[in-house]
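Novice: Quick one: structure below, then a few questions.
The values are calculated or read from the model by the stated rules, or taken from the named source; none is laboratory data. As the structure is a prediction and not an experimental result, all values here were calculated from the model. As a convention, Cβ positions derive from the backbone with ideal geometry for all residues, glycine included, and neighbour counts pool all protein chains shown.
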Amino acid sequence: MKVPPKDTLLKNALFGFVLALLLLPWLEQNEHLFNPKALGGVPPTSENVKLSAVNWRSAKFQEGQEAYIKDHFGLRPFMVRFYNELFDRLFDEYQAKGVVMGKNGYLFEENYLLAASGRDFLGLDSISSLVKQLSLVQEGLSKRGKQLLVCLAPGKGSYFPDQMPSRYQFEKKLRNHPYFSMTLQDAQIPVFDIQSWFLQMKATTPYPLYPKTGIHWSSYGEYLVADSLIKRLAHLSQKPLPYLKLSHIEEDTQPRDRDDDIENGMNLLRNLPDFKMGYPQFKVQPLRAGQKPPRVLVIGDSFYYGMYNWGMMEHVFKGGEFWYYNHERLVPGKATTLIEDFKDYRSKTHAFDVVVLLLTEANLPRFGFGMQQMYLRKIK
């Protein structure tokens, strides 16, 4: 038997290797050989459309299968991470929208850098106008014995100005946060200025208040905010609230929860360096029998989402609601509905004892998320 030449053997081996690579996604999709780590971010929503005569004639099956296979083919998580890693290594580009690498490996989202540098400054007249509208809302609530509290959540750019890329460094002295804080206090609207509070604690805090590879406050910082917010609302409403009872704090060099949410959304192959973080372990101490807590409405952005996820509305602000960006109505145990569907926005807010407006520095240009205008709008 004649032995094939070495070049023929090499070609056959290469052909077999390429064929095996082409078959790997199919094998993984059907046999689940590798079980790659799931991708971060919003999961794909395409459905696996079933074959039927109706779906075939309408092309729904063909189009649906094309989208489903694109989103769910075998080894997709690895392929996406490899692609993102390649662009990062070769071109210093990130496929995650708005992500900017700062100094020393600190990750930012650009809108927080714009806020810290003053590039998104609204102007004194606009800030004054927005606060005057909120004063009218406060007046309407106060007439019915309701309270209003504004929480100014911190921005990562202002918390780590020395780690911002040089092209974003404080180009202007006028920034939204200090003027909103000052104008709100001048209007005698209760303010919880968390950004200023965090900066005061930064040098002495035992655990980071902000993570290196995340955009929200750390789990430790969130615990401090939640504990302080509960006490402030109990004082403001003059009604009792459950409190958080801390048992201990766990340390971890691997970020948990949302402490590396930017990095997770980047979907890289490698793991970026992080801080050693603190993770408070606590329980909610319930009220005594017969005590009635205030009903709390939180209108805010994603900085409240962490508290909502661990059960703040279920265990502390019982009967409360979270109006996410004043767009989605989130109530524990119920389906999400839309705020725009309210026929009488004002009467909905009057159902609560305290209204909390919570937003981070990057969202100050959207101050209130339209709640002032919706509250003051006349009902037809």
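Novice: Leu272 fails exactly one of the following numbered conditions: (1) part of a strand (DSSP E or B); (2) surrounded by fewer than 21 Cβ atoms within 10 Å (Cβ to Cβ). What is the number of that condition?
Specialist: Going through the list (1) part of a strand (DSSP E or B); (2) surrounded by fewer than 21 Cβ atoms within 10 Å (Cβ to Cβ), Leu272 breaks only (1).
Novice: Those residues that are touching a helix residue (DSSP H, G or I) at 6+ places or on another chain (Cβ under 7 Å) and assigned to a strand (DSSP E or B), I need them from the range 283-304; list them, please. Spell out how you get there, then give the answer.
Specialist: Let us first name the residues in the range 283-304 that are touching a helix residue (DSSP H, G or I) at 6+ places or on another chain (Cβ under 7 Å), namely 284, 294, 296-299, 301.
Scanning the range 283-304 gives Val284, Val296, Leu297, Val298, Ile299.
Novice: Could you grab me the full set of residues in the range 320-351 that are in a loop (DSSP other than H, G, I, E, B) and of a type in the set (S, T, N, Q)?
Specialist: Asn326, Thr336, listed by residue number.
A quick yes/no check of all residues on (1) part of a helix (DSSP H, G or I); (2) at pLDDT 95 or above; (3) polar (S, T, N, Q):
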| residue | (1), (2), (3) |
| --- | --- |
| Ser181 | yes, yes, yes |
| Leu199 | yes, yes, no |
| Leu209 | no, yes, no |
| Leu229 | yes, yes, no |
| Ala234 | yes, yes, no |
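Novice: Give the range 352-380 a look and list any residue that's assigned to a loop (DSSP other than H, G, I, E, B) and either modelled with pLDDT under 95 or touching a Leu at 6+ places or on another chain (Cβ under 8 Å) (or both), or say none.
Specialist: Hits for the range 352-380 are Phe352, Arg377, Lys378, Ile379, Lys380.
Novice: Next up: Using the structure shown, decide if Pro178 is in the same structural domain as Leu236 (by TED's automatic domain parsing) and within 26 Å of Asn264 (Cβ to Cβ).
Specialist: Answer is no for this residue.
Novice: Just give me the residues in the range 82-140 being hydroxyl-bearing (Ser, Thr, Tyr) and without any contact (Cβ under 8 Å) to a residue 12 or more places away in the chain, in sequence order.
Specialist: Matches in the range 82-140: Ser126, Ser129.
Novice: Looking at Tyr68, Tyr94 in this structure, which one is under 31 Å from the mean Cα position of the chain (by Cα), at pLDDT 65 or above and not in a loop (DSSP other than H, G, I, E, B)?
Specialist: On inspection, the qualifying residue turns out to be Tyr68.
Novice: Restricting to the range 101-119, name every residue that is over 22 Å from Asn264 (Cα atoms) and in contact with a helix residue (DSSP H, G or I) (Cβ under 6 Å, 6 or more places away or on another chain).
Specialist: Within the range 101-119, Ala115, Ala116, Ser117 meet the criteria.
Novice: Counting only residues that are of a type in the set (Gly, Ala, Ser) and in a helix (DSSP H, G or I), which one in the range 97-120 is surrounded by the fewest Cβ atoms within 10 Å (Cβ to Cβ)? Walk me through how you get there before you give the answer.
Specialist: We begin by selecting, within the range 97-120, every residue of a type in the set (Gly, Ala, Ser); these are 98, 102, 105, 115-118.
With the extra rule that they be in a helix (DSSP H, G or I), the set shrinks to 105, 115-117.
Numbers: Gly105: 12, Ala115: 25, Ala116: 26, Ser117: 21.
Result: Gly105.
Novice: Can I ask one more? Within the range 216-238, restricting attention to residues that are surrounded by 17 or more Cβ atoms within 10 Å (Cβ to Cβ), small (Gly, Ala, Ser) and under 22 Å from Ile249 (Cβ atoms), which residue is farthest from the chain's Cα centre (by Cα)?
Specialist: Out of the qualifying residues, it is Ala226.
Novice: Every residue in the range 327-380 that is under 27 Å from Ala234 (Cβ atoms), surrounded by 12 or more Cβ atoms within 10 Å (Cβ to Cβ) and among the polar types (S, T, N, Q), please.
Specialist: Thr349, Thr360, Asn363, Gln372
Novice: Report, by residue number, each residue of the range 121-160 that is surrounded by fewer than 19 Cβ atoms within 10 Å (Cβ to Cβ) and either in a strand (DSSP E or B) or in contact with an Asp or Glu (Cβ under 9 Å, 6 or more places away or on another chain) (or both).
Specialist: Gly145
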